[in-house]
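See structure below.
The values are calculated or read from the model by the stated rules, or taken from the named source; none is laboratory data. In this text the structure is predicted, and so the values were computed from the model without any measurement. Note that each Cβ is placed from the backbone with ideal geometry, even for glycine, and that neighbours are counted across all protein chains shown.
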């Protein structure tokens, strides 16, 4: 068989390779999903849709109207249901946005280090990912984006709160990114899947400040429902019309039961309470991790959101931890700029975190 240039340009994620090397009883600090259960009222709403037959068939390509209405209410900027496309997770949302706005041979700016999909999706679109170095606090600086733009730049990714760093962009950053997109004609693809998990400051969407923004989000992290595969894209109607062309042939529609379950609960007070409990627990775990890393003498910019820490670690750290049944992810899996770092997910119990941190302390002492 001969394979396409597109798939030959991408490789299996470095995260998956670490998982495959881990033992069954390892403490896994590599997972990018909440360790909580989906709230009961959300699950019941989906079950009701299955039992009464509403989830039995295809939905509209763009998603059920009630969900699109709730998403338009949720996003924090002016949006109408016609500007919402429901997707099979944020992953598909990122894919359809990239396909709609990026052409063969064009450039796509990606944070370096940044979420692994951005680089790969640019290559699948037969485009060229261009890494943009992060600041010392691991934020993506608007000036760095501006300096990286060329006539060939079609789009740039912003992720706040960020995977793998936990960095949160400021309101001034969000405004500046939107202005760059408007002024230079490069579409801003804003990945906001961790928007409810901010511990210092607040989440601000760039779409509040400009028109040339595609906002991607999902129920996956907010509702601890990564397996539900329910995401969405919010953009001007003309952009939704283009993205749905890709979506309708790749997916037809997002999972119907998930759509109904989230439509009835996204803006529910009980959902807010459940998310607040998760956020409080994540913040306590973050503080535990940062305190222990500081005690080891390990440098780690404060993660202000998401549920990751991205410390600078000695050579051999990831492998040495893995040999002791603690899974972390090498920073280089997220780009060349991640060299010398490791991503630690604190989406795990405090008991497991303490045990893993004990191992890390021994590893750091041995390698330093």
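Scan region 128-172 for residues that are closer than 15 Å to residue 195 by Cβ and part of a helix (DSSP H, G or I) and jot them down. Walk me through how you get there before you give the answer.
Taking region 128-172 and keeping what is closer than 15 Å to residue 195 by Cβ, we get 158-163, 166-171.
171 - this is the single residue of region 128-172 that is closer than 15 Å to residue 195 by Cβ and part of a helix (DSSP H, G or I).
Output yes when any residue across region 82-101 is farther than 21 Å from residue 212 by Cα, out of contact with any strand residue (DSSP E or B) (no Cβ under 9 Å at 6 or more places or on another chain) and outside any helix (DSSP H, G or I), and no when none is. Walk me through it before giving the result.
At the first step, the residues of region 82-101 found to be farther than 21 Å from residue 212 by Cα are 88-89.
From the residues that got through so far, the ones that are out of contact with any strand residue (DSSP E or B) (no Cβ under 9 Å at 6 or more places or on another chain) too are none.
Looking for residues that are farther than 21 Å from residue 212 by Cα, out of contact with any strand residue (DSSP E or B) (no Cβ under 9 Å at 6 or more places or on another chain) and outside any helix (DSSP H, G or I), one finds none in region 82-101, hence no.
Go through region 12-30 and report how many residues are more than 19 Å from the chain's Cα centre (by Cα) and either assigned to a loop (DSSP other than H, G, I, E, B) or at pLDDT 80 or above (or both).
6
Can you find a residue in region 20-38 that is loosely packed, with under 15 Cβ neighbours inside 10 Å and free of Cβ contacts under 8 Å to residues at least 60 places away in the same chain?
Within region 20-38, the subset loosely packed, with under 15 Cβ neighbours inside 10 Å is 20-21, 23-25, 33, 37.
Among the residues that remain, those that are also free of Cβ contacts under 8 Å to residues at least 60 places away in the same chain are: 20, 24.
Within region 20-38 (the criterion being loosely packed, with under 15 Cβ neighbours inside 10 Å and free of Cβ contacts under 8 Å to residues at least 60 places away in the same chain), the answer is yes, since at least one residue qualifies.
When the residues of region 226-241 are narrowed to those that are in contact (Cβ under 8 Å) with a residue 60 or more places away in the chain and part of a helix (DSSP H, G or I), which ends up surrounded by the fewest Cβ atoms within 10 Å (Cβ to Cβ)? Steps first, answer last, please.
Pass one, region 226-241, residues in contact (Cβ under 8 Å) with a residue 60 or more places away in the chain: 226, 228-237, 239-240.
From the residues that got through so far, the ones that are part of a helix (DSSP H, G or I) too are 226, 228, 237, 239-240.
Values: 226: 19, 228: 24, 237: 10, 239: 22, 240: 21.
So the residue we want is 237.
Tell me, which helices (runs of 4 or more DSSP H) wholly within region 262-368 include 2 or more residues that are within 30 Å of residue 71 (Cβ to Cβ)?
Values: elements: 269-296, 317-323, 350-367.
Ranges flagged: 269-296.
So which of 288, 293, 353, 357 is surrounded by fewer than 19 Cβ atoms within 10 Å (Cβ to Cβ) and over 18 Å from residue 220 (Cα atoms)? Lay out the reasoning, then the answer.
Values: 293 fails: surrounded by fewer than 19 Cβ atoms within 10 Å (Cβ to Cβ); 353 fails: surrounded by fewer than 19 Cβ atoms within 10 Å (Cβ to Cβ); 357 fails: surrounded by fewer than 19 Cβ atoms within 10 Å (Cβ to Cβ).
One residue alone meets the criteria, 288.
Using the structure shown, decide if residue 254 is part of a loop (DSSP other than H, G, I, E, B), in contact with a strand residue (DSSP E or B) (Cβ under 7 Å, 6 or more places away or on another chain), modelled with pLDDT of 95 or more and within 15 Å of residue 96 (Cβ to Cβ).
Working: part of a loop (DSSP other than H, G, I, E, B): yes; in contact with a strand residue (DSSP E or B) (Cβ under 7 Å, 6 or more places away or on another chain): yes; modelled with pLDDT of 95 or more: yes; within 15 Å of residue 96 (Cβ to Cβ): yes.
Answer is yes for this residue.
For region 123-147, enumerate the residues that are in contact with a strand residue (DSSP E or B) (Cβ under 9 Å, 6 or more places away or on another chain) and under 24 Å from residue 4 (Cβ atoms).
Those that are in contact with a strand residue (DSSP E or B) (Cβ under 9 Å, 6 or more places away or on another chain) and under 24 Å from residue 4 (Cβ atoms): 123, 125, 127, 128, 129, 130, 131.
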